[in-house]
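The values are calculated or read from the model by the stated rules, or taken from the named source; none is laboratory data. What you see is a predicted model; the values in this text were computed from it and never measured. Protein only, heavy atoms only, side chains kept; ligands, DNA and RNA dropped before computing areas. Shrake-Rupley method; radii C 1.70, N 1.55, O 1.52, S 1.80 Å.
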Amino acid sequence: MANPGKINVLKNVGVGSLSCLCLSNLVTYAVFQSEGAIILGKAMITSSIVALVLSAPLFAFVFRKMRDLRELNREATRRSHEDQLTGLMNRAAFTEIFAKRCATGVQGPALRMLLLIDIDGFKAINDKLGHPAGDEALCHLANILRDVTGDYGVVARMGGEEFAILLQSSNPSSFLAFAERIRLGVARSPAELDDGAEVDLTVSLGGAFFDNEHAFAEIYKSADELLYKAKNAGRNRAFIAAHQPAAPAPRGGVNLAKAA
């Protein structure tokens, strides 16, 4: 499919070149009309060639600049939707996708969940090892979430040490298995720092179901409450809301894992 922006640029280049050609011929005609048909004809041909030769580099330059501007705009848009540290989607882009998912609805009997993930004791990592080590731990977790999630959901960094994933499945138990894959994957994979040291990490998780009637702030609060239940229960745990088809905003918690 043709790029509408590129087509418009080409049209503008063509119109600009023709405008220069017409203006040059008008001026030439006004100057040489009294010199006879042969001289006038030669002058018109010469002026046309000169106009095209001079206008081509100018409009080629304009075309390149407009192309560069489009690339800059695309890069700016990408950066505005991306977390600069981890390369994951940022909170703004994530909430936008959440709203779109609610607006479009869901096909069939599938369920949708917002899963929040938070690194346990992250402040201690920053305090004891420094913020660069904390950044490496965040990137390590981001890579695990990216690998585990794949095409199964949408993953983002919400800020600080908190991450989020949008999930959809027709099988409620698959959410439990997914959360456990993350929890165990993090617990079994220490973050390797640039200096060769390793940092053991664990995460707590909280997940809440949502449908088309939920606003992001509402479902985020539900998932966040379950996340902190997991924290208060000893960390390195996942609490997932019990799915009740008749209830639009389930609040019950299911403990998926015991502390390691």
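Some points to look at:
- Lone unmet requirement of (1) under 24 Å from Thr95 (Cα atoms); (2) at pLDDT below 95 for Glu162: (2)
- Per-region count, the stretch 193-216, residues outside any strand (DSSP E or B) and open to solvent by 30 Å² or more (accessible area, probe 1.4 Å): 11
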